[in-house]
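The structure under discussion appears below in the form of structure tokens.
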Ligand SMILES: Nc1ncnc2c1ncn2[C@@H]1O[C@H](COP(=O)(O)OP(=O)(O)OP(=O)(O)O)[C@@H](O)[C@H]1O
């Protein structure tokens, strides 16, 4: 487009953008007023409170969407062959009149679709696609694409909005992923809008936009299924660094009903920060652990080797194993989890003990009677008793049936024991031993501290594998423990009676507090109500007020859906997105399926990037145990991140991992050629530091990727040259230079990558090739490899240079 006409087009679009922003400002103000009004209104019944909570949530979400659209509000325009024109943006904007055509169409609306799918070959009625590049509220450039057949046919792959896409891809990385609503590509759009309700798996090589697709799909689903807002979407990533990398994308799209989490953060109340050996985590992740835990719970249910004795009021009672086995079977009969079956078991045992105690007492009485009978003339005694009774009741004295009396006495004694025994310390100790009330934490700690118990619960594991699981209690939790805790929580169930009693006490306390507040308020009134009768009436009425007053402060849960979901282990999400899904072990899948009983999943990953020691080799192997064959596979084939040059540097590694996996096609060529250099082991830290400093002086972000064992030493060397460089458990991705391991770099990207000691990365784990592949494919522009020894054969083809 000639410069002058581009300028006038920019001005024209500027006017439209300014009008859109002023319209958004009006809508935003209206919403803020509505929100203030809702918050001001009293809500006294539970229903009113729930309605108010829902209204506040809805208004807050809409406000967040308006706020998020402040930047890049409008990014596209479609002109149709019939003269129609539509503007596209991050949100939909209506005009002042209800029936007016929308001023801006939400990118997720069906009417926006052609923006992502129209091509020169299949223009779908579109004549022109325009990308608007904006900075704050200003239009700075427009890119036009004519789809009327006048443009030359693309040489290889047809890109949608090529100029805008390439500009976005060339932009420097900031350490935070951005949304790409303006440049989504057709194959990505198809997956994002897929109506498939079940499990969708997206396989794609590095940089093909799997994370992009997953996050935009979450936004799309929340838009097209408004009810999903109430249940929220869970996005699971491999580690906190990755989550912080993607954390801005969905809020930037105005979506707040989303919880980003690692699997290790999904058990409220447990912070799983401990590290452990990959071999231990691998055993904990196996599906067989579900059986092991079930057996461990079973072993805590009256598994006794012989009769069990308990002394009640000095009386030794013995319970035979058959009786206990029978009681345990009856307690389990309804399929209740352990803690909920416990009261059933306890009741059966207490009934038995009460019967025995009543029998013991009756036996003692009989014995006394028998002893007396030996010494007293019983006929004379009965005569004397009859005479006494006649004296009391006249001739109507009730006849005495000895058996009936004994039976009634027995029953009464039994009832008394039924009441008393649950408080008897010996009985309580016995029941706690036979069928303890267990928390998931206690079950796991005790199991992993008990070699014999573990051997009995886990015969499927080898002694060496069981040895890996053993540890002292109290050592903290690891991420691999979390799915086990979750599994245990399901097997144990939660006896909520104590919690309900606590809530009742809490409510009584609130009412008492409210009453106190009202009393103080009343105390400041004039003395006119101080007539006794009236005071009596008042206090009853005030109690009602106090209840209402207390009620005002409960039930008003104004937390966001994500906050509520994060605090509730039993929260059922409307949809779950699993990124880097090739990393998810089977036990974690069980947990995730429980978090979404409707099994609505988007699963994205790349089998070639699996770092799991015993990871699955295929999606079928990974998913079949949980979803059977009920999942659909989609593929992404174009690599948007790395240049063709960087891609070809990693080709041989991919072939070594999976000869049958097709490498993704790089979207752009002509970048800097990757290179390698030999650096003697003793010189490696200094050489690496020098190279990092040189790269840092260039453009964009820099990652120095090191073998795990050498991270601290090499990171400190880099820091000596680049003091601002960040490394550690959660490095700051917004620093110019970040030092990390290949595992930590999963899912991330940097303008420049310097890889240190590839052979040590290869030797560092049984999945060394996969780790190396991940490391090489993080670079968008520049890639350099420093190798202390001979170069690994898979990297021999890189150009050799002086470092
Ligand atoms: N349509 C697009 N428009 C602009 N940028 C895109 C597009 N698709 C992907 N990208 C960019 O390509 C890069 C790689 O995307 P993403 O991280 O989603 O890939 P990935 O398949 O998850 O990669 P990996 O498996 O290596 O983690 C990101 O910078 C992303 O913003």
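When the strands (runs of 3 or more DSSP E) confined to segment 250-352 are screened for residues that are under 30 Å from residue 211 (Cα atoms), those reaching at least 3 such residues are found at 258-261. Residue 621 meets all of the listed conditions (1) more than 16 Å from the ligand (Cβ to nearest atom); (2) within 21 Å of residue 189 (Cβ to Cβ); (3) surrounded by fewer than 16 Cβ atoms within 10 Å (Cβ to Cβ) but one, namely (2).
Please find, among 241, 235, 270, the residue that is under 18 Å from the mean Cα position of the chain (by Cα), buried (at least 24 other Cβ atoms within 10 Å of the Cβ), under 28 Å from residue 729 (Cβ atoms) and touching a residue at least 60 places away in the same chain (Cβ under 8 Å). Exactly one residue qualifies, and that residue is 235. State which residue is farthest from residue 77 (Cα to Cα) when the search covers only segment 172-186 and only residues that are more than 7 Å from the ligand (Cβ to nearest atom) and touching a helix residue (DSSP H, G or I) at 6+ places or on another chain (Cβ under 9 Å). Ranking the candidates gives 175 first.
The residue of segment 138-166 that is modelled with the highest pLDDT, among those that are within 26 Å of residue 20 (Cβ to Cβ), surrounded by 14 or more Cβ atoms within 10 Å (Cβ to Cβ) and touching a helix residue (DSSP H, G or I) at 6+ places or on another chain (Cβ under 9 Å), is 139. Residues to consider are 215, 169; find the one that is under 21 Å from residue 631 (Cβ atoms), within 14 Å of the ligand (Cβ to nearest atom) and either at pLDDT below 85 or touching a strand residue (DSSP E or B) at 6+ places or on another chain (Cβ under 8 Å) (or both). None of the others qualify; the one that does is 215.
Quick check on residue 207: is it under 26 Å from residue 132 (Cα atoms), in contact (Cβ under 8 Å) with a residue 24 or more places away in the chain, outside any helix (DSSP H, G or I) and more than 11 Å from the ligand (Cβ to nearest atom)? Don't jump to the end; show me each part of the working.
On the way: under 26 Å from residue 132 (Cα atoms): yes; in contact (Cβ under 8 Å) with a residue 24 or more places away in the chain: yes; outside any helix (DSSP H, G or I): yes; more than 11 Å from the ligand (Cβ to nearest atom): no.
When the stated conditions are applied, residue 207 does not pass them.
Go through the residues of segment 596-616 one by one and say whether even a single one is surrounded by fewer than 24 Cβ atoms within 10 Å (Cβ to Cβ), under 12 Å from the mean Cα position of the chain (by Cα) and within 15 Å of residue 199 (Cβ to Cβ). Yes - at least one qualifying residue is present in segment 596-616. Within segment 728-755, if we keep just the residues that are surrounded by 23 or more Cβ atoms within 10 Å (Cβ to Cβ) and closer than 20 Å to residue 686 by Cα, the residue that is nearest to the ligand (Cβ to nearest atom) turns out to be 753. Screening the candidates 565, 550 for the property of being modelled with pLDDT under 90 and surrounded by 15 or more Cβ atoms within 10 Å (Cβ to Cβ) yields one hit, 550.
Considered as a group, the residues in segment 22-44 that are without any contact (Cβ under 8 Å) to a residue 40 or more places away in the chain and touching a helix residue (DSSP H, G or I) at 6+ places or on another chain (Cβ under 8 Å) include one that is farthest from residue 60 (Cα to Cα), and that residue is 41. Just for segment 218-243: of the residues that are in a loop (DSSP other than H, G, I, E, B) and in contact with a strand residue (DSSP E or B) (Cβ under 8 Å, 6 or more places away or on another chain), which one is farthest from residue 480 (Cα to Cα)? Out of the qualifying residues, it is 232. Within the set 192, 105, the sole residue that is modelled with pLDDT of 95 or more, within 11 Å of the ligand (Cβ to nearest atom) and either touching a strand residue (DSSP E or B) at 6+ places or on another chain (Cβ under 8 Å) or farther than 30 Å from residue 704 by Cβ (or both) turns out to be 192. Per the conditions (1) touching a residue at least 24 places away in the same chain (Cβ under 8 Å); (2) more than 16 Å from the ligand (Cβ to nearest atom), the sole criterion not satisfied by residue 628 is (1).
Whether any residue in segment 756-770 is crowded, with 24+ Cβ neighbours inside 10 Å, free of Cβ contacts under 8 Å to residues at least 60 places away in the same chain and away from the ligand (no atom under 15 Å from the Cβ) is what I want to check. Before the answer, list the steps.
Restricting attention to segment 756-770, the residues satisfying the condition of being crowded, with 24+ Cβ neighbours inside 10 Å are 756-758, 761, 770.
Now narrow it down to the ones that are free of Cβ contacts under 8 Å to residues at least 60 places away in the same chain: 758, 761.
Pick out the ones that are also away from the ligand (no atom under 15 Å from the Cβ) and you get 758, 761.
Yes, that holds for at least one residue.
Between 23, 14, 7, 49, the distinction of being outside any loop (DSSP other than H, G, I, E, B) and buried (at least 18 other Cβ atoms within 10 Å of the Cβ) belongs to 49 only.
For segment 640-668, a residue qualifies if it is assigned to a loop (DSSP other than H, G, I, E, B) and within 16 Å of the ligand (Cβ to nearest atom), and the qualifying residues are 640, 641, 642, 643, 658, 661, 662, 663, 664, 667, 668.
The values are calculated or read from the model by the stated rules, or taken from the named source; none is laboratory data. Bear in mind the structure is a predicted one, so any value in this text is a computation, not a measurement. FYI the Cβ positions are ideal-geometry reconstructions off the backbone, even for glycines, and counts take in every protein chain you see.
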